[in-house]
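Engineer: Okay, handing you the structure first.
Where a number appears in this text, it was derived from the coordinates with a stated rule and is not lab data. All values derive from a computational prediction rather than experimental measurement. Cβ: placed from backbone, ideal geometry, glycine included. Neighbour counts: every protein chain shown.
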Amino acid sequence: MEYKIGNEKKLKDHMENLLKAFSSDMEKVGNIAELENVRIIYLGKKSFVSTILRSMGSLPRTMKPVVGKNVNLFRIEIEKNINLKEKELKSIEYEQKLKKEVIDLSLPGRCNTAGSKNILTQVVEEIEDIFIGMGFEVAEGPEVETDYYNFEALNTPEDHPARSLHDTFFVGGGMLLRTQTSPVQIRYMEKNRPPIAIISPGRTYRKDYDVSHTPMFTQIEGLVVDREINFGNLKWTLEVFLREIFGNDRKVRFRPHFFPFTEPSAEVDVSCNICNGAGCRVCKGSGWLEILGAGMVDPNLYSFVGYDPGEYSGFAFGVGIERICMLKYGIDDLRIFFENDLRFLKQF
Ligand code: DAH
């Protein structure tokens with residue numbers, strides 16, 4: 001709206017029109033940026049107010065006070081409205097910001113689930129503790145073995161019928177995946193002299209897969225060699241071990257058996273922990289659970305490691321850890337240990 005200086009009436013009319021335009025502009029303002037544009041139009045350098053106040057010097061003397069007073073009132077009115085609007089917009093923006101940043105305390109937190117030890121590891125550690133308490137050391141051996149340590153030096157030569165019971169994985173280069181933890185016996189005796197009392201936990205491998213067999217499974221081997229070790233020592237050691245694992249009121253029995261590396265050999269049963277020996281589905285009505293193999297170290301083994309069989313004697317045993325877990329926790333399928341089903345694993 002161009003304005004040419006005229007009389008007071010003309011000035012007032014012009015300002016009235018400007019105020020109307022200002023009001024309608026203000027109604028359309030929705031945010032601070034738009035308000036700033038309006039402020040520039042009505043109060044900025046090129047606005048009516050600035051232009052006329054700048055030209056005061058050249059006004060006729062009589063008009064000066066008239067223009068000064070009216071234009072200032074006009075400016076104050078505009079400023080007042082803009083300031084009010086600004087306050088209003090800022091408080092709206094603030095409210096919106098608060099709403100956006102609100103923290104919903106009723107939301108459940110994100111929890112970091114920690115992993116845990118597999119039940120097999122837990123049971124291995126429990127068994128290690130029992131034997132360490134009896135003065136045993138823990139020894140380890142490789143899972144990829146030679147025929148010599150896995151069979152030959154364990155009194156199981158090439159043509160021995162016991163070999164066919166081990167469905168062996170051969171990996172080439174004369175190497176195989178150990179079918180038992182027994183080779184650790186030989187490896188340990190080669191490097192150490194009696195007295196020896198070790199257990200050796202670890203993974204073992206056989207080509208087998210059903211409810212009670214998986215291609216990979218876990219064993220703990222035990223070996224004690226010293227002067228005057230006898231079958232009574234073996235019985236006592238295994239009875240202590242089995243009662244610690246299955247409970248104090250368990251009975252233990254030895255049945256004659258055959259293993260190439262022990263003579264005599266036995267299979268060891270523990271009275272069923274489900275029915276307490278009365279006979280149930282788990283023990284197939286017998287009241288007994290077959291738990292491990294054991295025996296007196298066959299003197300032949302000593303010739304492989306340079307011990308004098310006249311001087312030393314010893315006992316050995318081998319336990320399947322999955323079987324211990326199954327009986328201890330009532331698990332009826334061995335394969336589940338290796339399927340990584342969290343619903344199963346989290347129960348322990
Ligand atoms: N190595 C045997 C197996 O896997 C278990 C075993 C039996 C180990 C008797 C022994 C033992 O040390 O004396 O079937």
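Engineer: What is the order of Asp147, Asp208, Asp159, fewest Cβ neighbours within 10 Å to most?
Structural biologist: Asp159, Asp208, Asp147
Engineer: Taking R0 as 45 Å, what FRET efficiency do you get between Arg193 and Asp167 from their Cβ-Cβ distance, rounded to the nearest 0.05?
Structural biologist: For Arg193 and Asp167, the calculated efficiency is 0.80.
Engineer: Also, I was wondering about something else. Specify the residue with the greatest mean-square fluctuation among Leu105, Leu238, Leu59, computed from a Gaussian network of the chain linking alpha-carbon atoms under 10 Å apart.
Structural biologist: Checking each option, the largest mean-square fluctuation is seen for Leu59.
Engineer: Let me know the volume per residue of the alpha-carbon convex hull for segment 284-348, in Å³.
Structural biologist: 155 Å³
Engineer: Per the Debye formula with a single identical scatterer at each Cα and no solvent contribution, what log10 I(q)/I(0) holds for segment 56-201 at q = 0.13 Å⁻¹?
Structural biologist: Each listed q corresponds, in turn, to -0.84.
Engineer: Long-range amide H contacts for Glu145: which residues qualify at under 5 Å (H placed 1.01 Å from N, peptide plane, sequence gap of 5 or more or a different chain)?
Structural biologist: Answer set, sorted by chain and number: Leu176, Leu177, Arg178.
Engineer: Could you go through segment 325-340 in sequence order and give the Karplus-derived ³J(HN,Hα) for each residue, using 6.51 cos²θ - 1.76 cosθ + 1.60 with θ = phi - 60°, rounded to whole Hz, and x for Gly and Pro?
Structural biologist: 4, 4, 6, 5, 10, x, 9, 10, 9, 5, 5, 5, 4, 10, 8, 6
Engineer: Calculate the spin-label point distance for Lys99 paired with Tyr209, positioning each point 7 Å from the Cα along the beta-carbon direction, and give it in nanometres.
Structural biologist: My value for the distance between the label points is 6.0 nm.
Engineer: Return the whole-Å distance between the Cα centroid of segment 325-343 and the Cα centroid of segment 4-80.
Structural biologist: 87 Å
Engineer: Could I ask something else about it? If the label point is 7 Å along Cα→Cβ of Ile41, which residues in segment 14-28 have backbone nitrogen under 13 Å from it?
Structural biologist: Correct set: 18-28.
Engineer: Where in segment 314-343 does the label zone of Asn118 land, with the point 7 angstrom along Cα→C-beta and an amide N cut-off under 19 Å?
Structural biologist: Of the residues in segment 314-343, 319-343 have backbone N under 19 Å from the label point off Asn118.
Engineer: Could you identify which residue out of Val38, Val224, Val138 has the top mean-square fluctuation in a GNM of the chain using Cα springs shorter than 10 Å?
Structural biologist: Judging by the Gaussian network model, the answer is Val38.
Engineer: Could I ask something else about it? For the chain, just give the cysteines left without a disulfide-compatible partner, judged by no other Cys Cβ under 4.7 Å.
Structural biologist: Cys111, Cys325
Engineer: Given the options Gly135, Gly30, Gly320, which has the most mean-square fluctuation in a GNM of the chain, springs set between C-alpha atoms less than 10 angstrom apart?
Structural biologist: Per the Cα network of the chain with a 10 Å cutoff, Gly30 tops the list.
Engineer: Could you tell me the calculated FRET efficiency between Ser286 and Leu107, based on Cβ-Cβ distance and R0 = 51 angstrom, to the nearest 0.05?
Structural biologist: The value I calculate is 0.35.
Engineer: For a label point 7 Å from the Cα of Phe348 along Cα→C-beta, name the residues of segment 112-138 whose backbone N is under 14 Å from it.
Structural biologist: The answer is 116-128.
Engineer: Moving on. Only Cα pairs under 8 Å and at least 6 apart count here; give the relative contact order of segment 295-342 as a rounded whole percent.
Structural biologist: Normalised by residue count, the contact order of segment 295-342 is 29 percent.
Engineer: Ok, one more. In vacuo Debye scattering of segment 119-345, one point per C-alpha: log10 I(q)/I(0) at q = 0.11, 0.12, 0.18 Å⁻¹?
Structural biologist: With no solvent term, the Cα-only Debye profile gives -0.55, -0.66, -1.48.
Engineer: Let me ask something else about it. Sorting Val211, Val268 on the 10 Å Cβ count, fewest up front, what's the list?
Structural biologist: Ordered from fewest to most neighbouring Cβ atoms within 10 Å, Val211, Val268 come out as Val211, Val268.
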